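Participant: Handing you a structure now.
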Amino acid sequence: MKEEQKVDKKKADSTESITEQQGGLRPEQIIIEPILSEKSNAAKEKDPKKYTFVVHMDANKPMIMHAVKTLFNVDCTKCNTMIFAGKPKRSRRDRSRRIGYTSQWKKAIVTLAKGQSIAAIDNI
């Protein structure tokens, strides 16, 4: 009985350490949404193992790969990330020129292992 509790405690400690390494972010917080655009679909036609996601700004490559692995049950071989700066936007409302910016965001292109795919995204 005590051995079972020790094993359960080790599993709980390992999952806690993973979330601590991820800065307190859970996998569903890291992967925000898939990107389904012409450019990402063209890249996917060229290499069907590549998937594109909008990810949390604080996420790094190992965190993104771990999140994809836990959420979609697939193995990742490579991850490329890009940060896009916010674009300036102007408003001419009330004869005052207000200048603001859109939010900056981070994109990740994840390459899966050979023979694997994400059915949830492929069916869209």
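Participant: Might you let me know whether the range 48-57 holds any residue that is of a type in the set (D, E, K, R) and without any contact (Cβ under 8 Å) to a residue 60 or more places away in the chain?
Facilitator: Scanning the range 48-57 turns up no residue that is of a type in the set (D, E, K, R) and without any contact (Cβ under 8 Å) to a residue 60 or more places away in the chain.
Participant: Okay, next question. Taking the range 96-124 as the region of interest, how many residues are out of contact with any Asp or Glu (no Cβ under 9 Å at 6 or more places or on another chain) and farther than 14 Å from Met82 by Cβ?
Facilitator: The qualifying residues number 18.
Participant: Of the residues Ser91, Ser117, which single one is of a type in the set (Gly, Ala, Ser), modelled with pLDDT under 95 and over 17 Å from the mean Cα position of the chain (by Cα)?
Facilitator: Answer to the check: Ser91.
The values are calculated or read from the model by the stated rules, or taken from the named source; none is laboratory data. What you are looking at is a predicted structure, and each value in this text was computed from that prediction instead of being measured. Because the Cβ atoms are built from the backbone with ideal geometry, glycine has one as well, and the counts that use them run over all protein chains shown.
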